[in-house]
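Read-outs throughout are calculated quantities, based only on the coordinates presented, and are distinct from any laboratory measurement. This structure is a prediction, so every number in the text was calculated from the model and none was measured. Ideal geometry is used to build each Cβ from the backbone, glycine not excepted, and the neighbour counts take in all protein chains shown.
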Amino acid sequence: MKKSSLHILYIFLITIFVFNHCSLQAQTITLNDSLMGLDTRLQTKFFSGYVWEFKPKLSVRNAALINGGIYGGSMIGLYAAWYQKYPQSRFHTFNDWEEWRQMDKIGHAYSAYTMGRYSLGLWNQTNLSRKKKIWIGGLSGALYQTVIETLDGFSSQWGWSWGDMGANILGSSMLIAQELAWDEQRIQFKTSFHKMNYEDAVLNQRSDAIFGKSLAERSLKDYNGQTYWLSATIKSFFPDSKIPDWLQVSIGTGVNGLFGARENIARNTNGYITFDRSSIPRIREWYLAPDIDLTKIKTKRKGIKTALFILNALKFPAPTIELSNSKLKLHWLYF
């Protein structure tokens with residue numbers, strides 16, 4: 001569904017709110033025998049010589065209220081910005097698996113993963129047990145997306161998509177599984193975007209019509225400019241190596257040549273063809289690039305740490321190898 005990436009905007013707005021209220025407290029300590037004297041109730045996690053103290057700052061009740069308020073507020077905003085503009089219908093399902101070369105499904109998985117990751121950061125401020133935090137925070141993304149999918153089910157132009165739901169569960173499962181197994185996100189879900197411009201004026205007009213004219217609209221709607229990445233932190237898998245702990249290797253995927261959900265043909269209400277670029281191939285693209293785990297950058301400033309945590313949902317621009325149409329291409333800098 002073309003609007004799936006709209007969820008990303010709400011995720012970032014939600015994140016800014018959450019982490020303005022719930023910040024991590026850091027301090028440097030000497031790792032010697034005095035460490036044994038620390039309160040055993042203190043929950044700690046080590047990042048490059050720093051101990052990040054997850055001191056309970058929120059009651060479970062307040063954490064639930066904040067989550068509920070954020071979810072409810074974002075749902076109201078999403079309904080007003082999107083669903084209210086389109087006709088409603090009875091609840092129904094819709095098979096959109098063949099649309100947009102499944103890029104919207106990847107967007108759903110990304111949104112569920114990122115939303116859950118941010119929610120987990122909030123629940124980490126409570127005194128719940130480790131597993132409860134993981135499950136509640138991790139499932140928050142899928143729950144948020146399920147509410148959106150329900151709204152889709154009552155929209156006449158779309159419908160409840162089992163493909164979307166599967167992607168939502170996949171994104172949350174990726175977060176939960178890594179936390180349970182490793183207590184960290186060794187493989188992180190990220191995204192990037194660049195605005196597409198074509199030499200063909202007709203293609204630019206078509207893009208303006210279906211994806212919007214502004215950069216903000218394009219970043220949310222134009223799958224041709226979106227890329228989704230899985231960035232693996234190498235040091236996490238080889239802890240005894242001398243590899244920098246911030247260095248990642250990233251595999252990405254995107255598409256090109258999509259000027260319609262299922263085909264590059266558009267028709268008016270009378271069925272007459274108004275746009276036909278069926279000759280343009282609708283292709284899948286693959287990418288390989290280095291990346292940076294921004295959360296591993298050392299800083300004592302909570303504001304900077306928060307900003308790095310938020311920005312880590314984005315792929316860092318870097319030299320990139322592209323594979324598409326069975327051809328390799330090198331980008332000196334790709335985002």
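Taking the number of other C-beta atoms within 10 Å as the exposure measure, put Leu220, Leu151, Leu330 in order starting with the fewest. It would help to have the intermediate numbers written out before the result.
Numbers: Leu220 21, Leu151 17, Leu330 9.
Ranked by crowding around the Cβ, least crowded first: Leu330, Leu151, Leu220.
Roughly what % of DSSP beta bridges within segment 186-335 run antiparallel, to the nearest 5?
Bridges in segment 186-335 that DSSP calls antiparallel: roughly 95 percent.
Val249 to Tyr198: extension gain in nm, 0.36 nm per residue of separation minus the Cα-Cα distance?
Values: separation 51, 0.36 × 51 = 18.36 nm, distance 3.04 nm.
Contour length minus the Cα-Cα distance gives 15.3 nm.
For a paramagnetic label modelled at 7 Å from the Cα of Val60 toward its Cβ, which residues of segment 104-145 fall within the zone defined by backbone nitrogen distances under 20 Å?
Only 119-141, 143 fall inside the zone, counting backbone N under 20 Å.
Starting with the highest mean, order 322-329, 191-198 by the number of other Cβ atoms within 10 Å, averaged over the residues of each peptide.
Working: 322-329: 12.1, 191-198: 16.8.
The packing order, highest mean first, is 191-198, 322-329.
Mind sorting Asp208, Asp96 by how few other Cβ atoms lie within 10 Å of their own Cβ, fewest first?
Values: Asp208 13, Asp96 22.
If I rank by nearby Cβ atoms, fewest first, I get Asp208, Asp96.
Normalized C-alpha radius of gyration of segment 186-335, against 2.2 N^0.38 Å?
Working: Rg = 18.9 Å, N = 150, 2.2 N^0.38 = 14.8 Å.
Ratio of Cα Rg to 2.2 N^0.38 Å: 1.28.
Given Leu203, Ser241, Thr269, which one lies farthest toward the positive end of the charge dipole of segment 186-335, if we put +1 on the Cβ of every Lys and Arg and -1 on the Cβ of every Asp and Glu?
The residue sitting most towards the positive pole is Ser241.
Among 131-140, 260-269, what's the highest-first ranking by average C-beta atoms within 10 angstrom per residue?
Details: 131-140: 20.5, 260-269: 13.1.
Final packing ranking: 131-140, 260-269.
Considering only the other residues whose Cβ falls under 11 Å of the Cβ of Asn312, what net charge follows from Lys and Arg at +1 and Asp and Glu at -1? Don't skip to the answer; put the middle values down first.
Working: positive: Arg117, Lys190, Lys296, Lys305, Lys315; negative: Asp291, Asp293.
So the surrounding residues net to +3.
Under 20 Å Cα to Cα from Lys213, which lysines show up? Leave out anything in the same chain fewer than 8 places away.
Lys2, Lys3, Lys85, Lys195, Lys221
Using alpha-carbon positions, what is the distance between the centroids of segment 176-197 and segment 109-158, in Å?
Here the two parts' Cα centres lie 15 Å apart.
Highest mean first, how do 104-111, 233-240 rank when packing is the count of other Cβ atoms within 10 Å averaged over residues? Before the final figure, lay out the partial values.
Working: 104-111: 25.9, 233-240: 14.2.
Top to bottom by mean Cβ count within 10 Å: 104-111, 233-240.
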